[in-house]
Amino acid sequence: MSLLSRLFDERFLAHRLRSTSTAGIAVAVMAVLLFEYRYFVSHVVSWDLAAIGLTFVVVKITLMLWYAARD
């Protein structure tokens, strides 16, 4: 058994997957909220924040459909 396989087992990989997914969702939600705040309060359209939110939605839906088709 190698050193890496002892350090990084299935539990570590599962925790990493969940934490990365949660972090991605949190960043996307914050981007959308900041976009809405700037739009409704300052009346400024931040296209970069809109692109981040839209990218998240497209990637999430695409992966959900991909995994559903492969499962």
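The values are calculated or read from the model by the stated rules, or taken from the named source; none is laboratory data. Worth saying up front: this structure is predicted, and the values here are computed from it rather than measured. Quick reminder, even Gly has a Cβ in these numbers, built from the backbone with ideal geometry, and neighbours come from all protein chains shown.
Checking His43 against (1) in a helix (DSSP H, G or I); (2) on the phi > 0 side of the Ramachandran plot, which test does it fail?
Condition not satisfied by His43: (1).
Within the set of pairs 6 or more residues apart or between chains, which connect a residue that is without any contact (Cβ under 8 Å) to a residue 40 or more places away in the chain inside segment 10-36 to a residue that is outside any helix (DSSP H, G or I) with Cβ atoms less than 8 Å apart?
Pairs that qualify, where the first residue is without any contact (Cβ under 8 Å) to a residue 40 or more places away in the chain and the partner is outside any helix (DSSP H, G or I), are Leu34/Ser46; Phe35/Ser46.
Out of all the residues in segment 1-53, which are among the polar types (S, T, N, Q) and either within 22 Å of Leu63 (Cβ to Cβ) or at pLDDT 90 or above (or both)?
Scanning segment 1-53 gives Ser19, Thr20, Ser21, Thr22, Ser42, Ser46.
What do you reckon, is His15 in a loop (DSSP other than H, G, I, E, B) and not basic (Lys, Arg)?
On the way: in a loop (DSSP other than H, G, I, E, B): no; not basic (Lys, Arg): yes.
Criteria not met by His15.
Being out of contact with any Gly (no Cβ under 6 Å at 6 or more places or on another chain) and surrounded by fewer than 12 Cβ atoms within 10 Å (Cβ to Cβ) is the requirement here; does Ala51 meet it? Steps first, please.
On the way: out of contact with any Gly (no Cβ under 6 Å at 6 or more places or on another chain): yes; surrounded by fewer than 12 Cβ atoms within 10 Å (Cβ to Cβ): no.
Here the answer is no, as Ala51 does not meet what is asked.
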